[in-house]
Amino acid sequence: KTDWRLIAGKEIRSLSTRGINPYHSSKKEIAEELEKLELQGDEQNILEIYFYGSGVANEEMKDIIHRALQNRIGVHPYIQIQDDLVGVARALFKEKSGIACILGTGSNSGLFKDGRIYDKVPAMGYSLGDEGGGADIGKRLVNGLHKRNLSDQLREAIIAEEGLSMDQILENVYNKPHANRYLASLTKIAAKHIENQEIRNIVSAAFEDFIDKNISKYSKYSSLDIGFAGSVAWYFREVLAEVMEKHHLKISLIITSPIDGLV
């Protein structure tokens, strides 16, 4: 999802739309989502827009979002488009330095220093990367279910309870749009069964991969503050803390969303 705050002095209005990513959504879909913003006629009063989003790492993608926002508001406010990682880093560290991490539908990380992302390991999306994110955990879960890597009793219980047949999974992943969202939605099943050691091991393995392929790549990472944002980091924070502690890494802060820190 995308969180929005309309700020007028001390008055702050909270709004929400589905996730907006120019790699996963067409220009038409982005426009339709922006139309859902209930601005109640305040469009002409908006002077500045600061947008932090996934998939806006280059100028072409930034321009898609810029034009969509300009078309939606109908006037010409100052618009700044930044990678979501910048927003997370600013919310987590303010003026300090550290490794900013996102564990939501996907995953991302970057070394934040002197007010900017100083170094970044590429996320590469849910097909090629996004270790530790919701889509990754969902993929590991359905793989464990149907590759028979979980005990028969647990497998049968989850498949029956959640209706996760092979046909249903393949249909949602290969024939419908936004496979990453579908896979990430399966983290709710993992959360429901997190006290089961087999499920806990799946989530732990995803976080181990995130540390190994992302956090550990930054210079002097073990001595830096490490902060997390995103629903996966928040709802699985106990497991995340266990894995981080195992690697002698300390979590400085976990937030569900960076929006309030940015306000």
Subject >> Members of region 66-100 that are among the aliphatic types (A, V, I, L, M), under 26 Å from Asp114 (Cα atoms) and touching a helix residue (DSSP H, G or I) at 6+ places or on another chain (Cβ under 8 Å) >> reply: Ile79, Ile81, Ala91, Leu92, Ile99, Ala100
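Applying the selection to region 179-191, what residues are of a type in the set (A, V, I, L, M) and either buried (at least 23 other Cβ atoms within 10 Å of the Cβ) or not in a helix (DSSP H, G or I) (or both)?
Leu183, Ala184, Leu186, Ala190
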Original post:
From the list Glu245, Glu208, which residue is assigned to a helix (DSSP H, G or I), open to solvent by 80 Å² or more (accessible area, probe 1.4 Å) and more than 29 Å from Trp4 (Cβ to Cβ)?
Top reply: Glu245
Subject >> Near pairs, Cβ below 6 angstrom, 6+ apart or cross-chain, from region 68-94 (more than 10 Å from Gly261 (Cβ to Cβ) and basic (Lys, Arg)) to any residue that is modelled with pLDDT under 95 and part of a helix (DSSP H, G or I) >> reply: Arg72/Leu34
Original post:
Which members of region 252-262 meet the condition of being within 25 Å of Asn196 (Cα to Cα) and open to solvent by 40 Å² or more (accessible area, probe 1.4 Å)?
Top reply: Thr256
Original post:
Among the residues of region 69-85, which ones are in a helix (DSSP H, G or I), open to solvent by 20 Å² or more (accessible area, probe 1.4 Å) and not basic (Lys, Arg)?
Top reply: Gln70, Asn71, Asp84
Original post:
In this structure, does Leu47 turn out to be open to solvent by 20 Å² or more (accessible area, probe 1.4 Å), over 26 Å from Phe112 (Cβ atoms) and free of Cβ contacts under 8 Å to residues at least 60 places away in the same chain?
Top reply: yes
Subject >> Test: residue in region 192-202 that is surrounded by fewer than 13 Cβ atoms within 10 Å (Cβ to Cβ) and outside any helix (DSSP H, G or I) >> reply: yes
Original post:
Are any residues in region 95-123 open to solvent by less than 10 Å² (accessible area, probe 1.4 Å) and within 15 Å of Asp225 (Cα to Cα), and if so, which ones?
Top reply: Gly98, Ile99, Ala100, Cys101, Ser109, Gly110, Phe112
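The values are calculated or read from the model by the stated rules, or taken from the named source; none is laboratory data. Fair warning: this is a prediction, and the values are worked out from it, not measured in the lab. Note: ideal-geometry Cβ built from the backbone for every residue, glycine included; neighbour counts use all protein chains shown. Heavy atoms of the whole protein, side chains included, go into the accessibility calculation; ligands, DNA and RNA do not. Shrake-Rupley method; radii C 1.70, N 1.55, O 1.52, S 1.80 Å.
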